[in-house]
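Working notes for the structure below.
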Ligand SMILES: NC(=O)C1=CN([C@@H]2O[C@H](COP(=O)(O)OP(=O)(O)OC[C@H]3O[C@@H](n4cnc5c(N)ncnc54)[C@H](O)[C@@H]3O)[C@@H](O)[C@H]2O)C=CC1
Ligand SMILES: O=C(O)[C@@H]1CCC=N1
């Protein structure tokens with residue numbers, strides 16, 4: 001199977017690295033293209049057997065499975081460029097949350113899916129959020145799930161939880177990096193620890209925490225219970241968190257939902273521009 005990647009920015013590159021490093025596919029089966037071709041050529045310098053193509057049209061003609069790894073407002077423009085070259089047996093996958101599978105099915109006449117990846121997939125772990133188009137064949141559903149299983153946990157989601165699921169899976173690494181940074185900054189400001197040492201200790205702690213969860217030794221509540229010795233220091237710290245976090249995370253999810261509404265409207269506007277699809 002030939003896989004085409006249109007858009008080799010942040011996420012396109014991460015998907016390429018995950019596909020190749022997990023050995024899900026061989027570099028000779030990968031066809032890549034980007035508006036600024038230099039970005040695709042840089043990837044070929046690392047994986048010489050990858051083919052760089054000059055146009056999205058050529059990717060559509062030569063690949064069986066085509067990933068659209070462009071920003072939401074560019075998806076319909078690319079879809080309309082490639083639509084004439086897609087036979088019914090191919091599959092198009094978009095990786096962005098504000099575009100649903102129904103809109104993709106209206107744009108191209110083949111199997112479609114939306115798969116929202118996560119930066120964690122770069123470490124060959126974490127979740128990828130799956131939504132299949134209503135006309136997506138069983139063969140493609142199976143093939144996509146098998147492919148992503150090499151470097152993620154493919155998880156099918158209902159449309160109504162798209163935003164929150166993507167907030168947790170895809171935005172989550174940024175949110176928790178931010179919180180960890182504030183944790184480190186606080187330690188440095190309030191004590192004699194230096195930033196490098198605090199960063200190293202905090203990073204190792206997070207890796208260990210991930211391993212504990214992966215191995216299933218503790219749930220999140222039992223983990224807190226085990227560390228919070230009665231009358232000890234952890235309890236004092238948890239009290240501060242309880243007092244101050246308040247409804248921060250409610251506000252966070254409200255803000256992302258609000259932004260999502262704006263993104264959905266922008267997508268609708270870009271659909272009007274490409275009203276031929
Ligand atoms: N960054 C992340 O962690 C995640 C991103 N996504 C989604 O991935 C999509 C892409 O995001 P990023 O990779 O961060 O953006 P990016 O801006 O880094 O990459 C987009 C790439 O598409 C290229 N491009 C634009 N129009 C094109 C065209 N007509 N033909 C070929 N290439 C074209 C650009 O040159 C750029 O390299 C977004 O829609 C985002 O929602 C999804 C999950 C996670
Ligand atoms: O489309 C999305 O929801 C993802 C989350 C991070 C960036 N884009």
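Close contacts from the range 149-173, counting a first residue that is on the phi > 0 side of the Ramachandran plot and in the same structural domain as residue 18 (by TED's automatic domain parsing) and a second that is in a helix (DSSP H, G or I) and away from ligand 2 (no atom under 15 Å from the Cβ), with Cβ to Cβ under 7 Å and a gap of 6+ residues or different chains, come to none at all.
Summed over the range 1-35, residues that are within 16 Å of ligand 1 (Cβ to nearest atom) and surrounded by fewer than 17 Cβ atoms within 10 Å (Cβ to Cβ) total 3. Cβ-Cβ distances below 6 Å connect the following pairs, each with a first residue in the range 119-143 that is on the phi > 0 side of the Ramachandran plot, a second residue that is part of a helix (DSSP H, G or I), and a separation of six or more residues or different chains: 126/120.
Scan the range 160-176 residue by residue and report those that are within 16 Å of ligand 1 (Cβ to nearest atom) and more than 19 Å from residue 17 (Cβ to Cβ). If you could, list the steps in order and put the result at the bottom.
Initially, the range 160-176 is screened for residues within 16 Å of ligand 1 (Cβ to nearest atom), giving 161-176.
Within the range 160-176, 161, 162, 163, 164, 165, 166, 167, 168, 171, 172, 175, 176 qualify.
Of all residues in the range 87-114, those satisfying the criterion of being over 19 Å from residue 272 (Cα atoms), surrounded by fewer than 21 Cβ atoms within 10 Å (Cβ to Cβ) and in contact with a strand residue (DSSP E or B) (Cβ under 9 Å, 6 or more places away or on another chain) are 88, 89. Those strands (runs of 3 or more DSSP E) of the range 65-129 in which 3 or more residues are over 18 Å from residue 32 (Cα atoms), over 21 Å from the mean Cα position of the chain (by Cα) and more than 14 Å from ligand 1 (Cβ to nearest atom) are absent.
Every condition in (1) at pLDDT 95 or above; (2) assigned to a loop (DSSP other than H, G, I, E, B); (3) surrounded by 11 or more Cβ atoms within 10 Å (Cβ to Cβ) is met by residue 192 except one, and the failing one is (3). Among the residues of the range 130-139, not one is within 22 Å of residue 74 (Cβ to Cβ), in a strand (DSSP E or B) and more than 15 Å from ligand 1 (Cβ to nearest atom). If the condition is being exposed (fewer than 15 other Cβ atoms within 10 Å of the Cβ) and under 17 Å from residue 2 (Cα atoms), then the range 36-48 contributes only 48.
The values are calculated or read from the model by the stated rules, or taken from the named source; none is laboratory data. Only a predicted model underlies this, so the values are computations on that prediction, with no experimental measurement involved. All Cβ positions, even for glycine, are placed from backbone atoms using ideal geometry, and neighbour counts span all protein chains on display.
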